[in-house]
Every structure is written in structure tokens, then in C-alpha cells.
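What follows is a set of notes on a single structure, which appears directly below.
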């Protein structure tokens, strides 16, 4: 992480300085009200699609790590495949229901 976070005000008032830091390859924290709200990442050669794909893969890995940690805490790490399949189907249905609402 970068040493100095970027404030919303800095991004609004002096975006060229923020872009310069991104050009230098820095990962920047965007801070508002003293809390990190987002990460600003450099996009090499304007290839936003690859950067977005990497971000989505990273989110999936984080979600998997959280699920694995929760399974270990709740001692459900050894569920049979049938129960895992049922849970996956239930989660997918809940997501579809949320998306159609």
C-alpha cells in the first residue's frame, strides 16, 4: 500500500498529481472521512479489461478464503459433496432472486 493515502478532495482538486502517482505504479488508497473507501490501481497501457478481470478474480479468492475460514471455525470443513452442492444451489438461487428484484 502507498505511504500516503489520497483524499477525495485531493482527487477532485489535483487529479494530475494523483494520476502521476498512479503512473509511477503506486497502488493508492482513496480515503474519505478518515476511512478507506476504495483502492486506485494503475492500469497499464489503458488495458482496463485485464485489470478488472484481475480484480474480479481477487474478489473470488477472498470470498473463497472467507468461506474456508468460516468452515474451519464452524467445523463444517468436511461436509459431504451432496450438502455442498445443495448449499451452492441455494446461494445461486438467492443471488438470482436478488438480481431480479
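Each row is one residue, and each column tells you yes or no for (1) touching a strand residue (DSSP E or B) at 6+ places or on another chain (Cβ under 8 Å); (2) surrounded by fewer than 14 Cβ atoms within 10 Å (Cβ to Cβ); (3) assigned to a strand (DSSP E or B).
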{"site": "16", "(1), (2), (3)": "no, yes, no"}
{"site": "19", "(1), (2), (3)": "no, yes, no"}
{"site": "25", "(1), (2), (3)": "no, yes, no"}
{"site": "29", "(1), (2), (3)": "yes, no, yes"}
{"site": "36", "(1), (2), (3)": "yes, yes, yes"}
{"site": "42", "(1), (2), (3)": "no, no, no"}
{"site": "50", "(1), (2), (3)": "no, yes, no"}
{"site": "53", "(1), (2), (3)": "no, yes, no"}
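For residue 65, all conditions in the list (1) part of a helix (DSSP H, G or I); (2) at pLDDT below 90; (3) under 15 Å from the mean Cα position of the chain (by Cα) hold save one; what is the number of the exception? Here residue 65 meets the rest and fails (2). When residues in the stretch 2-14 are screened for being surrounded by 10 or more Cβ atoms within 10 Å (Cβ to Cβ) and not in a helix (DSSP H, G or I), 6 of them pass.
The values are calculated or read from the model by the stated rules, or taken from the named source; none is laboratory data. These figures come from a predicted structure and were not determined experimentally. Here Cβ is always computed from backbone atoms with ideal geometry, including for glycine, and neighbour counts include all displayed protein chains.
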